[in-house]
Structures are given as C-alpha cells and as structure tokens.
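Asker: One structure coming up, written as structure tokens, with questions to follow.
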Protein chains: 2
Amino acid sequence: MHRLIQHIQKVNRNTGIPDDLILSFFETKTFKKKEILQEEGERCSSYFFVVKGCLRLFFLDRNGAEQTLQFALEDWWMTDMDAFRTGRNSAYSIQAMEATEVLCITPANYELILSRFPFVESYFRAVYERAYAASLLRIRMISRMPKDEFYKLFQSKYPDFIQRIPQKVLASFLGFTPEYLSELRKNKVKSNNS
Amino acid sequence: MHRLIQHIQKVNRNTGIPDDLILSFFETKTFKKKEILQEEGERCSSYFFVVKGCLRLFFLDRNGAEQTLQFALEDWWMTDMDAFRTGRNSAYSIQAMEATEVLCITPANYELILSRFPFVESYFRAVYERAYAASLLRIRMISRMPKDEFYKLFQSKYPDFIQRIPQKVLASFLGFTPEYLSELRKNKVKSNNS
C-alpha cells in the first residue's frame, strides 16, 4: 500500500480508501540531494508529500543568507501554503536534503480531491490541526525559550531531525552557532543559560 | 444570522446551513475585560470562536512574566489545540482583552460536529490552512526580520490589532520596548535598523 494511503488511514482511522483513484490526483517525482523543488519568487504550483527523504523550506534574508523555517520528513506535507492557495509566487524555496521521493498535487487537483472525497477533507483538517499546534509550539520556542530548553524540547519532539539534518543547517534553523549546538549535543551546556 | 454561520458561509462559499442545528453544538459565554477564559495548567475543555471582542493567548515564562503568543478578534478561533485534541492540560492561558462574547465547543462536540457535517470539516480545513499560513509568516517575522519591517508587515496584515490592543501588550507581543513601538507608530524610526 502506498505511504500516502497508509497515512490517510492512520490519521482518519478508516479503511476502504480507493487507492488508485486517490493516487491518480498526484504525480510522483524524485529529487537528488540538494536539488531545488520550488524556487523562491517562482509560481507555486505544487504541494509536496514526502514519501521518502527530507525537504527544507527556506528564504534568502536581506544579507543573502539562507534561513530555514521548516523541515519535512516522511508523511509530512510542504509548500508555501499562502502562495499555493492564492496563486501568488512562492515566498520560499524548497530543497531536498537527501535523495527524496515526493507526491505532488496541483492547486486545481487539490480543490478537486477535497470536493470529491469527504475523507480527504477530514484528513487535511487533521493534518493542519497538528501543523498548527506544532507551529504554536515553535513560536513559543523561538520567541522566548532559553536555547538549551529549546533544544531539549526540539530533540524530544523531533528526534529524527537531530539524526538526519546536517549540523550546520540544524544550527542555523535553531539560531545557534555550530559550536554551541555541538556542545549541546554533548550535554555539556548547563541548564541556566537563558 | 449568527456571526459563526456567516463566517462558515463566507469561507465555504455555501448557503443553506442549518443554523440552529449547528449552533446547538456550541455554548455562548461572555467575559469581562481582563477575565480569564482558560487557565494555564488546567484542563482544556473549550475551543473559542470570537463573536465580539478580543482574546489573547499567553504563558508565564520562567521569570513569571506574561508572554503573549496570539490574539484573536472577531471570527477567529482560539485554544491550545494540542491540549484540546489530546486531553492534556493547557500550556497557555487565554484572557479577554475587551468585553468579549464567544461561542465555546467541547472536544466531544467538536468530534461530533465534524463527523456529522462534511461542510464543517471543509470549513475548519480552510480555517487551519489560513492559520497555518499565518503562523509560517509569523515565524519568518519573529525569527529573522528587522524590527521596523516586522512592524510594517504586521500593521499591513492586521491593522485592527494596532488599533485595539493596548500599546504595552502589543509591544511585548512584538518583542519591542513600549518606547520603541511608540516611535514606530510615529514613523520616526528609519528603515535600516536591523
């Protein structure tokens, strides 16, 4: 069974999903490590579901440095949602961090699949609930939390990321220097450096 | 017509919603200015829709200071989504910033209304898509943007907040001193103070 169908079943707790019909709304694409799936400033015509691999979403800040806002591992969805839904150009780039296989859906097919299949509505509603809860936590972490607490929480919520994301990219994502992250990973940093 | 029904109609672009039946899943409550709707650490048994007024979601940091993460004006939803969906205690407090009228729904009724009415699934899916897109923008703003750009963007996206939220709370939310916010509002701050 395809990974997306398994995920829908898991989230919705239902079975009897018409696999082939659902998958016909999507296109499978593969990308090499470091390949760009979506360029910042280009039309955003795909919403990606990670079948295997890892994506990151980033933008170039005013100094030309890449700032990573999100990662997506298997079973995660990624796009510039605002651009995808409105037809505007993407404010972000999306890049493969590893050799990655995704399912892509266009805005038109996304509308279509939602309108035709109530269980898909239900699936995305649940996916967004989780994404929204995670983003609230993320805002809490990056706005106010001491760095070492932030790291511990991040580690407990997303242990896979710690293993799979290169140190340098992870450090930038967390707002740490690579050296500080390295110290945290060795548990050398005491817990009161707020 | 009730404000919630109007909002569902607007978001879903549909009509013929069974008003009374839908509203029977909710309870109307009113709160005075500064009254607490949800205490941090208490069971999270309500999801709030703002009919009139303004809410804020905050937590106490390790120094005992209130840190505001979100506001909700009319037609916005607010809860600790993670706690609401899992039955855990709320990690946040919710307070009325003005005299406020809300609709409340319990976790059980939320499950029920979603399972009974496909258009409610569709409504919440759309609400979360927007909330999720907004949270991505928020993360981008607070992590990397120069303060004056952040303020301009916030002002353009949420002009109502600037009018209705007390300066002191807004300054704390934006991570500014009240003095700096006051200068920004007078347009005295130049645009290169990154």
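Asker: Would you please give the residues with an amide H less than 5 Å from that of A:E98, counting only those at least 5 places away or on a separate chain, with H modeled from the backbone geometry?
Answerer: It is A:K34, A:C54, by chain and number.
Asker: What are the trypsin sites (Lys or Arg not before Pro) within the stretch A:75-138 that DSSP puts in a loop, where the Cβ has at most 12 other Cβ atoms within 10 Å? Numbers along the way, then the final one.
Answerer: Working: sites: A:R85, A:R88, A:R116, A:R125, A:R130, A:R138; in loops: A:R88.
Of the trypsin sites (Lys or Arg not before Pro), the ones in loops of the stretch A:75-138 whose Cβ has at most 12 other Cβ atoms within 10 Å are A:R88.
Asker: For the stretch A:1-51, run through the trypsin sites (Lys or Arg not before Pro) and keep only the ones in DSSP coil with at most 12 other Cβ atoms within 10 Å of their Cβ. The partial results should precede the final answer.
Answerer: Values: sites: A:R3, A:K10, A:R13, A:K29, A:K32, A:K33, A:K34, A:R43; in loops: A:R13, A:K32, A:K33, A:K34.
Those satisfying the criteria are A:R13, A:K32, A:K33, A:K34.
Asker: With charges set only on the Cβ (+1 for Lys and Arg, -1 for Asp and Glu), what does the dipole of chain A come to about its Cα centre, in debye to the nearest 20?
Answerer: Values: 28 positive and 23 negative charges, 156 e Å.
Result for chain A is approximately 760 debye, rounded to the nearest 20.
Asker: Now for a separate question. Lys and Arg at +1, Asp and Glu at -1: add these up for the other residues within a Cβ distance under 11 Å of A:E98 and post the number.
Answerer: On the way: positive: A:K32, A:K33, A:K34, A:K52, A:R56, A:R164; negative: A:E35, A:E74, A:E101.
Net charge in that neighbourhood comes out at +3.
Asker: Taking the label point 7 Å from Cα in the Cβ direction, how far apart in nm is A:K10 from each other copy of itself, listed shortest first?
Answerer: Relative to the other copies, A:K10 has label-point distances of 3.7 nm.
Asker: Sticking with this one: Just name one of B:G64, B:I105, B:A131: the one whose Cα is farthest towards the positive end of the charge dipole of the stretch B:36-151 (beta-carbon charges, Lys/Arg +1, Asp/Glu -1).
Answerer: Towards the positive end, the residue furthest out is B:A131.
Asker: Okay, moving on. From the label point of A:E42, set 7 Å along Cα to the beta carbon, how far off in nm is each other copy's matching point, shortest first?
Answerer: Here the equivalent label points are 5.2 nm apart from this one.
Asker: 7 Å along Cα→Cβ for the label point: how many nanometres lie between A:E179 and each equivalent label in the other copies, listed shortest first?
Answerer: With the label placed 7 Å along Cα→Cβ, A:E179 yields 3.3 nm.
Asker: B:F26: net charge of surrounding residues, Cβ under 15 Å, Lys/Arg +1, Asp/Glu -1, itself excluded? Please report the intermediate quantities before stating the final value.
Answerer: On the way: positive: B:R3, B:K29, B:K52, B:R116; negative: B:D19, B:D20, B:E27, B:D75, B:E101, B:E111.
Net charge in that neighbourhood comes out at -2.
Asker: With θ taken as phi - 60° and the coefficients 6.51, -1.76 and 1.60, list the Karplus ³J(HN,Hα) couplings across the stretch A:157-168 in order, rounded to whole Hz; mark glycine and proline as x.
Answerer: Once θ is set to phi - 60°, the couplings for the stretch A:157-168 become 7, 10, x, 4, 4, 4, 6, 9, 8, x, 3, 5 Hz.
Asker: At a 10 Å Cβ-Cβ cut-off, how would you order A:L4, B:L21, fewest neighbours first?
Answerer: Numbers: A:L4 20, B:L21 11.
Ordered by Cβ neighbours within 10 Å, fewest first: B:L21, A:L4.
Asker: Would you list, by chain and number, the lysines whose Cα falls below 16 Å from the Cα of A:K29, excluding same-chain residues fewer than 8 positions away?
Answerer: Straight-distance partners of A:K29: A:K52.
Asker: Name the residue farthest towards the positive end of the dipole of chain B from the options B:T177, B:T15, B:F161, assuming +1 on Cβ of Lys and Arg, -1 on Cβ of Asp and Glu, about the Cα centre.
Answerer: Projecting each Cα onto the dipole axis, the largest value belongs to B:T177.
Asker: Please compute the net charge surrounding A:T86, taking Lys and Arg as +1 and Asp and Glu as -1 over other residues with Cβ under 12 Å from its Cβ. Numbers along the way, then the final one.
Answerer: Working: positive: A:R43, A:R85, A:R88, B:R130; negative: A:D80, A:D82, B:E129.
Value of the local net charge: +1.
Asker: Compute the acute angle (0 to 90°) between the alpha-carbon long axis of helix A:118-144 and the principal axis of greatest extent of the alpha-carbon atoms of chain A; round to the nearest 10°.
Answerer: Its long axis makes an angle of about 10 degrees.
Asker: Please give the calculated 222 nm ellipticity per residue for chain B, where each DSSP H segment of at least 4 residues contributes -39500 (n - 2.57) and the sum is spread over every residue; nearest 500 deg cm²/dmol? Spell out each step's value before the answer.
Answerer: On the way: 9 runs with 91 residues, N = 194.
Result for chain B: -14000 deg cm²/dmol, rounded to the nearest 500.
Asker: Pairs A:K147/B:K157; A:K157/A:K186; A:K157/B:K10: which exceed 27 Å Cα-Cα?
Answerer: A:K147/B:K157; A:K157/B:K10
Every number here is computed from the coordinates shown, using simple stated rules; none is lab data. Remember, predicted model here, so these are calculated numbers, not experimental data. All Cβ positions, glycine included, derive from the backbone under ideal geometry; neighbour counts span all protein chains shown.
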